[in-house]
Each structure stands twice: as structure tokens, then as C-alpha cells.
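Asks: Dropping a structure here in C-alpha cells format, bear with me for questions.
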Amino acid sequence: LLDQMVNFFEKDFMWDYERYLQAYDAFIYMGRGFQLLAESSDGAKADDFWKKCFNYIGKAKGLLSDKDLRKMEDVREVAERAYFYEIKARLAYGDTRKGGMATKQYSEAARLAEELCKLLPKLDDDMAKLIRLEQGRAYFKAGKGEAGKALLTALARDPRNKETWIESLAIDILGEYAGETDVRLAIEA
């Protein structure tokens, strides 16, 4: 089914919609589809799917490179989601690698989150907070535990996030990665 979906998007859909914002939405779905294919494949086939995943998600993410387009809320929303899914894909790709190759992907995920935060006019909506949560996870996976702990602790302790899913997820991620050295965090998680 995923093969059929991405073939439809590549061969039919794009010819009709390539100039519309819907096409950038489709790029995200294509990237996600290729990610799922990569996660269930081996060897060269998986590598090819990962390349396509990052290529298509990157096209949607590229909307933010134009500062005039960036002012439009619909464009920002699509591009934010693209960044989010690329961060998630980099973390998943890192999980399939070992050693320095894995760390490189985790570091790239953290860098993408930092880059997006500089491009966005406000960092207090739910999508931005979700991206920050993944940035914290990426920091931990990349071996930058102090940066991850600081970011996630700030999210968990922010009064605006009190008793919300943001606070819960931040504490869960902290417990998962920092719980080994901080028993209080492990218990709270």
C-alpha cells in the first residue's frame, strides 16, 4: 500500500498540484511513507528509501527559506510539520545506525530543531513545544545530556505547561534518559 501511495504521489498527483501548498503537504506524506518503507527494509533498499524520505520532507521544509512566504500562517504550519517529521526521521534513522553514524543523525535532529526555533516568530504554540520535546530527546541521544536536561526541565517547569501533555512528555523523556543518574526524575516519570 505504501508503494502504491508514493507511486501515485510521484507519478500522478504532483503533475496536477505541484504549484499548490497541497503539494508540500503531499511531500511530507511521501517522506513519511518512505520512512516507513525504510524501517521495514534492509540494506541498499532501506538506504534508498531513507534518501527519498529526507528529500521529500526537505522540499516541504524548504518553504521557510523564503522570508516572505514564512509570514503566511498556512505555509509556516506545513513547514513546521515538515521540520518535525524530519527530526523524527533523523532520530529513527539514527536508531538504525551504530556509533558515530547514529550520533551524527541525532546531532542533525537537534540542529534542525535549533534552526527551526530561530525561524519561527513564536515558540509557545503546541507544535513548537512538540519540536522542543524532540530536540531534548535528540540532545540525549547525541550524548548532550546536560543540554537535553536543561531544555526538558524548562518545558516541564514552565507554568504554562502545568498539568498538560507537554509537562507529562517532558518528564517521561527526562525519566527515560536522565533517570539513570537522577532517581527523583525516574520516580517522577
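The values are calculated or read from the model by the stated rules, or taken from the named source; none is laboratory data. Here the structure is a predicted model, which is why all the values come from computation and not from measurement. Please note: Cβ atoms are built from the backbone with ideal geometry, for glycine as well, and neighbour counts cover all protein chains shown. Areas reflect the complete protein model, heavy atoms only, side chains present, ligands, DNA and RNA absent. Shrake-Rupley method; radii C 1.70, N 1.55, O 1.52, S 1.80 Å.
Asks: Probe of 1.4 angstrom, ligands and nucleic acids ignored: what's the accessible area per residue over the chain, in square angstrom?
Replies: Numbers: 10380 Å² over 189 residues.
Value for the chain: 55 Å² per residue.
Asks: Using the structure shown, list the pairs from Lys71/Lys141; Lys67/Lys162; Lys45/Lys129; Lys52/Lys98; Lys51/Lys118 with a Cα-Cα distance above 30 Å, or answer none.
Replies: Lys71/Lys141; Lys67/Lys162; Lys45/Lys129
Asks: The range 96-189: D in µm²/s via Stokes-Einstein (Kirkwood Rh, Cα pairs, 37 °C, 0.692 mPa s)?
Replies: Details: Rh = 13.5 Å.
So the translational diffusion coefficient is about 244 µm²/s.
Asks: With r defined as the distance between the Cβ atoms of Arg184 and Met72 and R0 fixed at 45 Å, what FRET efficiency is calculated, to the nearest 0.05?
Replies: According to the calculation, E is roughly 0.55.
Asks: Once you place label points 7 Å from the Cα toward the Cβ at Ser65 and Glu115, how far apart are they in nm?
Replies: 0.9
Asks: From the square roots a ≥ b ≥ c of the eigenvalues of the alpha-carbon gyration tensor of the chain, which class results: rounded (a/c under 1.5), prolate (a/b over b/c), or oblate?
Replies: Verdict is oblate for the chain.
Asks: Okay, helix-only estimate at 222 nm for the chain: each DSSP H run of n ≥ 4 adds -39500 (n - 2.57), divide by all residues, round to 500 deg cm²/dmol; what do you get?
Replies: Working: 10 runs with 142 residues, N = 189.
Only helices count here, giving -24500 deg cm²/dmol.
Asks: What is the calculated FRET efficiency for Arg97 to Asn55, with r their C-beta to C-beta distance and R₀ = 25 Å, to the nearest 0.05?
Replies: Values: r = 19 Å, r/R0 = 0.74.
The calculated FRET efficiency here is 0.85.
Asks: With charges only on Cβ, +1 for K and R and -1 for D and E, what is the dipole size of the range 98-189 about its Cα centre, in debye, rounded to 20?
Replies: In debye, rounded to 20, the range 98-189 gives about 300.
Asks: Along the charge dipole of the range 20-160, which of Ala23, Thr153, Leu133 sits closest to the positive end, that is, farthest toward it, with unit charges on the beta carbon of Lys, Arg, Asp and Glu (+1, +1, -1, -1)?
Replies: Among Ala23, Thr153, Leu133, the one farthest towards the positive end of the dipole of the range 20-160 is Thr153.
Asks: Relative contact order, percent, of the chain when contacts are C-alpha pairs under 8 Å separated by at least 6 residues?
Replies: Details: 227 pairs, mean separation 21.9, N = 189.
Dividing the mean separation by the residue count of the chain yields 12 percent.
Asks: Multiply the residue separation of Leu2 and Lys104 by 0.36 nm, subtract the distance between their alpha-carbon atoms, and state the gained length in nm to one decimal.
Replies: Full-extension gain reported as 33.9 nm.
Asks: Considering only protein heavy atoms and a 1.4 Å probe, what is the carbon-and-sulfur percentage of the accessible area of the chain?
Replies: Using a 1.4 Å probe with all protein chains present, the chain comes out at 51 percent carbon and sulfur.
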